[in-house]
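Report on the following structure.
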Amino acid sequence: MNECVLIRHAQTDWNKRKIFRGRAEVELNRTGIRQAEKTSTLLAELPVEIIYTSPLKRAMVTAQILTRPHNVPVVSDPRLIDIDYGEWQGMSEEDVKETKLYSDWINRPETIRFPEGESLKDVEERTVSFFKEKIASHNLSIIVSHRVVIKILLLHIMSLPLSNFWGVRQDPCGITRVEFLEGRYVIHSLNETHHLYKPSREPKEDF
């Protein structure tokens, strides 16, 4: 049996301000540091063998905090980097929400390519191959990456098309545990955030 824990990096100010991050280097904010520390404490007893991470600082710092109880290698891989938003990088949702491209992003995300950037299919091609390779290589590994990357991995795991992109979510430091057993995936938990927030009916932003 092989298991992988998928974790989105902790919060940044750009998450709160609904700014498209992409390849920009954005620091974790104070809330993000606390989120990573709480997640590290929650996972401290797991027999983690290795942590893979996106090379971007917000993911790297999250991974470095997660490894403290385990003292295992943190290995960055460019296939886990965030989607390239191209011309949208650094722009806010407010800046683009009146455009046709934004409407398509919300309603038909599988059909678009960001100007000078990537499509969801591009991200799928580089991340799914990485995931298949690494989940089979360790008894228990952690992958720290980004909203778009983890959503796409979840769609692959559940055999859903990219058109279902908005049908799954992964909050900052949300925990998803996936087992690979006899050639099939079993999801043990999906986007656990009970260690970060009190129960609430208030909707959270998927950004």
Rounded to whole angstrom, the alpha-carbon centroid of the stretch 46-60 lies from that of the stretch 63-138 at a distance of 15
In whole Å, largest first, the alpha carbons of the stretch 36-108 cover along the principal axes 47, 24, 21
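Can you give the relative contact order of the chain as a percent, counting alpha carbon pairs under 8 Å and 6+ residues apart?
Values: 402 pairs, mean separation 63.8, N = 207.
31 percent.
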The relative contact order of the stretch 1-110, taking Cα pairs under 8 Å that sit 6 or more residues apart, comes to a percentage of 31
For 117-123, 90-96, ranked highest to lowest by mean beta-carbon neighbours within 10 Å, the order is 117-123, 90-96
In nm, the gap between the two label points placed 7 Å beyond Cα toward Cβ at residue 204 and residue 133 is 3.1
Cβ density ranking, 10 Å radius, fewest first, applied to 158, 60 yields 158, 60
Magnitude of the Cβ-charge dipole (Lys and Arg +1, Asp and Glu -1) of the chain about the Cα centre, nearest 20 debye, reported as 440
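Ranked highest first by average number of other Cβ atoms within 10 Å, how do 24-32, 51-59, 159-167 line up? Display every interim value, and only then the final one.
Details: 24-32: 16.4, 51-59: 22.9, 159-167: 13.1.
By packing density, highest mean first, the sequence is 51-59, 24-32, 159-167.
Could you work out Rg/(2.2 N^0.38 Å) for the chain, with Rg from alpha carbons only? Kindly include the intermediate steps, with their values, before the conclusion.
Numbers: Rg = 16.2 Å, N = 207, 2.2 N^0.38 = 16.7 Å.
Cα-based Rg divided by the globular estimate yields 0.97.
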Sorted largest first, the C-alpha extents of the stretch 62-101 along its principal axes in whole angstrom are 47, 19, 13
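Taken together, the values in this text are just the output of simple stated rules run on the coordinates, not laboratory data. Note that the structure is a prediction, hence the values are computed from the model and not measured. All Cβ positions, glycine included, derive from the backbone under ideal geometry; neighbour counts span all protein chains shown.
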